[in-house]
Amino acid sequence: MAEEKKKDGTALLAKKKKVKPRKSRDADCCSVNFLKCVLHIFNVVFLFAGAGVLGVGVWNVTYRHHYVSLLPTITYPAIGYLLVIAGSFGLPFAALGCCGLKTENRTSLLCYTYFLLITFILEAGAGGLAYYYEEAIEEELRAGLNSTFTTNYALDTAVTDAVDSMQTEFKCCGAIRYEDWRKSRWHEHDPRLLVPDSCCKTRTQRCGTRDHPSNIYYTGCIHHFTNHIRDQLIILAAVGVGMSVIPIFGFLFSCVLYVKIKHVID
């Protein structure tokens, strides 16, 4: 009898040894709790970074939007809109991340991971596009700005306002030189006006009838305008590429956490 009990005890002990121990949440340095803590901190950084990207995008779209009509392509405004979209993802994605971290819901974490990847693509795409366009903008403006001045001024309200604003802000006249206006449709309509009033150093009604250097600016606008747009594109490129690094860290940590939780549950 005692011998049978001994055999049963030995068999039970062998079965217990065969049972695999459940994986601990804190089995190593990259535990579930540690990764959750890191991602909570990341969410705060991501939220503020998104607000910064959104601010730069909105500033670009609104503050410099009146010059868009002078550009030959929609690339410049498109960069601003990409940053606005990427920045606006900050709050909802951070909220989704916090929800997924609190509940340890794998579906929420997976969606959060994909959204971080989308944010990276948008920001890196906007930065890369700005960097590329910064190299091409001068040639495009040289090819099309003079035609915009001479053909559309006074016929297109957006172009007229943009040209007047540019000539006043940069203290210039014409695309290449002030004589460009003599070839324009605007000048053909009223030959007594040699240049628009926005070319005048002291702007008054019909001051453009006199093209003396004491009265108007002689320097063309293309150089000033090109440098201005290039400066804006450099800022957009730096913001886009620089901020795109942040979601990559969140993407990597959330991937690791997803796998960890999957292993713990399974």
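The values are calculated or read from the model by the stated rules, or taken from the named source; none is laboratory data. What you are looking at is a predicted structure, and each value in this text was computed from that prediction instead of being measured. Here Cβ is always computed from backbone atoms with ideal geometry, including for glycine, and neighbour counts include all displayed protein chains.
Hey, does segment 168-178 have a residue that's farther than 23 Å from His65 by Cβ and basic (Lys, Arg)?
Scanning segment 168-178 turns up at least one residue that is farther than 23 Å from His65 by Cβ and basic (Lys, Arg).
Only one of Gly220, Gly240, Gly208 is buried (at least 18 other Cβ atoms within 10 Å of the Cβ), closer than 30 Å to Leu54 by Cβ and either in contact (Cβ under 8 Å) with a residue 24 or more places away in the chain or not acidic (Asp, Glu) (or both); which?
Gly240
In the set Leu129, Leu141, which member is buried (at least 17 other Cβ atoms within 10 Å of the Cβ), out of contact with any strand residue (DSSP E or B) (no Cβ under 7 Å at 6 or more places or on another chain), at pLDDT below 90 and assigned to a helix (DSSP H, G or I)?
Every option except Leu141 fails the conditions.
Within segment 153-165, how many residues are in a helix (DSSP H, G or I) and in contact (Cβ under 8 Å) with a residue 60 or more places away in the chain?
Matching residues across segment 153-165 total 6.
Ala154 fails exactly one of the following numbered conditions: (1) aliphatic (A, V, I, L, M); (2) more than 20 Å from Gln232 (Cβ to Cβ); (3) touching a Cys at 6+ places or on another chain (Cβ under 7 Å). What is the number of that condition?
(3)
Taking Arg230 as the residue in question, decide whether it is part of a loop (DSSP other than H, G, I, E, B), in contact with a helix residue (DSSP H, G or I) (Cβ under 6 Å, 6 or more places away or on another chain), surrounded by fewer than 21 Cβ atoms within 10 Å (Cβ to Cβ) and of a type outside the set (S, T, N, Q).
The answer is no for Arg230.
On the basis of being closer than 21 Å to Phe225 by Cα, at pLDDT 85 or above and part of a helix (DSSP H, G or I), does Ala78 make the cut? Full working, then the answer.
Values: closer than 21 Å to Phe225 by Cα: yes; at pLDDT 85 or above: yes; part of a helix (DSSP H, G or I): yes.
Here the answer is yes, as Ala78 does meet what is asked.
How many residues does segment 99-108 contain that are of a type in the set (Ser, Thr, Tyr) and either at positive phi or touching a residue at least 12 places away in the same chain (Cβ under 8 Å) (or both)?
Here the count works out to 1.
Among the residues of segment 195-225, how many are part of a helix (DSSP H, G or I) and modelled with pLDDT under 90?
Just the residues of segment 195-225 that are part of a helix (DSSP H, G or I), to begin with: 197-199, 207-209, 222-225.
From what is left, the residues that are modelled with pLDDT under 90 are 207-209.
So the count comes out to 3.
If a residue has to be assigned to a loop (DSSP other than H, G, I, E, B), more than 10 Å from Tyr217 (Cα to Cα), of a type outside the set (Ser, Thr, Tyr) and in contact (Cβ under 8 Å) with a residue 12 or more places away in the chain to count, how many in segment 169-194 make the cut?
Let us first name the residues in segment 169-194 that are assigned to a loop (DSSP other than H, G, I, E, B), namely 171-176, 184, 190-194.
Okay, now just the ones that are also more than 10 Å from Tyr217 (Cα to Cα), so 175-176, 184, 190-194.
This time we only want the ones that are of a type outside the set (Ser, Thr, Tyr), so: 175-176, 190-194.
This time we only want the ones that are in contact (Cβ under 8 Å) with a residue 12 or more places away in the chain, so: 175-176, 192-194.
Result for segment 169-194: 5.
Does Thr62 satisfy being closer than 29 Å to Val163 by Cα, loosely packed, with under 14 Cβ neighbours inside 10 Å and touching a residue at least 40 places away in the same chain (Cβ under 8 Å)?
Here the answer is no, as Thr62 does not meet what is asked.
Restricting attention to segment 157-200, which residues are out of contact with any Cys (no Cβ under 7 Å at 6 or more places or on another chain) and among the acidic types (Asp, Glu)? Lay out the reasoning, then the answer.
Taking segment 157-200 as the starting set, the residues that turn out to be out of contact with any Cys (no Cβ under 7 Å at 6 or more places or on another chain) are 157-165, 168-169, 171, 176-177, 179-194, 196, 198.
Passing the criteria: Asp161, Asp164, Glu169, Glu179, Asp180, Glu188, Asp190.
Here's the yes/no breakdown for (1) surrounded by 14 or more Cβ atoms within 10 Å (Cβ to Cβ); (2) under 30 Å from Asp231 (Cβ atoms); (3) free of Cβ contacts under 8 Å to residues at least 40 places away in the same chain:
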position	(1), (2), (3)
Leu39	yes, no, no
Ala49	yes, yes, no
Val56	yes, yes, no
Thr73	no, yes, no
Leu83	yes, yes, no
Gly87	yes, yes, yes
Phe93	yes, no, no
Gly97	yes, no, no
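Somewhere in segment 112-121, is a residue crowded, with 16+ Cβ neighbours inside 10 Å, of a type outside the set (Gly, Ala, Ser), in contact with a helix residue (DSSP H, G or I) (Cβ under 7 Å, 6 or more places away or on another chain) and on the phi > 0 side of the Ramachandran plot?
No: segment 112-121 contains no residue that is crowded, with 16+ Cβ neighbours inside 10 Å, of a type outside the set (Gly, Ala, Ser), in contact with a helix residue (DSSP H, G or I) (Cβ under 7 Å, 6 or more places away or on another chain) and on the phi > 0 side of the Ramachandran plot.
Residues of segment 22-48 being part of a helix (DSSP H, G or I), closer than 19 Å to Thr103 by Cα and either modelled with pLDDT of 80 or more or of a type in the set (Asp, Glu) (or both), which ones?
Asn33, Phe34, Leu35, Lys36, Cys37, Val38, Leu39, His40, Ile41, Phe42, Asn43, Val44
Check whether at least one residue in segment 175-182 is modelled with pLDDT of 90 or more, within 31 Å of the chain's Cα centre (by Cα) and crowded, with 17+ Cβ neighbours inside 10 Å, and report yes or no.
Yes: segment 175-182 contains one or more residues that are modelled with pLDDT of 90 or more, within 31 Å of the chain's Cα centre (by Cα) and crowded, with 17+ Cβ neighbours inside 10 Å.
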